[in-house]
Amino acid sequence: MSVRLVKAPIDIAFSELQTDEEAYIREYQQLSESDDDPINQWLKLARAKGDTSDTDPVLLNLMVELHKKIDALERFLKNEEPKRVSLTHKVAIESIGFEHFKLEEKLLKAGTEYYGRVDMPVHPRRDVGIFFTALDESLAKITKIHERDEKEWGAYLTARERVLIREAKESKK
């Protein structure tokens, strides 16, 4: 089986699914609903009413992100960490594909199902919950990821490919 992968410097924390499947499913759902914080709910409602039609969408998104940063800073100052389930392994991902990724270390058991949390370097930076199955000791196939996260995963993969192509062209000069 040939899988096309691109080098990507991201990290993942993961555990075997059977360790605490119920808690992992709950966190996976919470991570997907992180968009539904109060400011995003207000924004969705305002858009539905048409209240944002006269507003520059880029400026509006920047204001919303600024508000989220202030909220995050406030949580940091109050020492309020987001509640995350404890995962047994934390390791760097060596490379990614649209449906696969390869770990830098051989920590997986072929055929075993896992839950993981990927620290995605996108704007805004956030955790992405995924379920995956090990194909061998370091290669995994993503079996479940939220639609929005899948799009961001694909966009990040494409961006990494562009960077590597640019670097290859520059090294030939």
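Any read-out appearing in this document is the output of simple, stated calculations on the displayed coordinates, not a laboratory observation. Remember, predicted model here, so these are calculated numbers, not experimental data. Cβ sites come from the backbone with ideal geometry, for glycine too, and all protein chains shown count toward neighbours.
In region 49-121, which GluC sites (Glu not before Pro) are in a loop and have at most 13 other Cβ atoms within 10 Å, using DSSP for the loop call? Those that pass, being in a loop and sparsely packed, are Glu80, Glu104, Glu105.
Note on Ala155/Ile70: beta-carbon distance plugged into 1/(1 + (r/R0)^6) with R0 of 35 Å gives a FRET efficiency of 0.85. Largest mean-square fluctuation among Pro121, Pro38, Pro57, in a Gaussian network model of the chain whose springs join Cα atoms under 10 Å apart, belongs to Pro57. Here the Kirkwood formula, the inverse mean of 1/r across different C-alpha pairs, assigns region 36-77 a hydrodynamic radius of 11.0 Å. Here the Kirkwood formula, the inverse mean of 1/r across different C-alpha pairs, assigns region 91-169 a hydrodynamic radius of 13.2 Å.
The lysines within cross-link reach of Lys172, meaning a Cα-to-Cα straight distance under 18 Å and a gap of 8 or more places when in the same chain, come to none at all. Between Glu99 and Glu137, the FRET efficiency estimated from the beta carbon spacing at R0 = 22 angstrom works out to 0.75.
The label-point distance for Lys173 and Arg148, in a model that sets each label 7 Å from Cα toward Cβ, rounds to 3.9 nm.
Annotation for Lys49 and Ser86: the two label points, set 7 Å from Cα along the Cα-Cβ direction, are 4.6 nm apart.
Between Ala23 and Asn61, what is the spin-label point distance in nm, taking each point 7 Å from the Cα along the Cα→C-beta axis? If labels sit at Ala23 and Asn61, their model points lie 3.6 nm apart.
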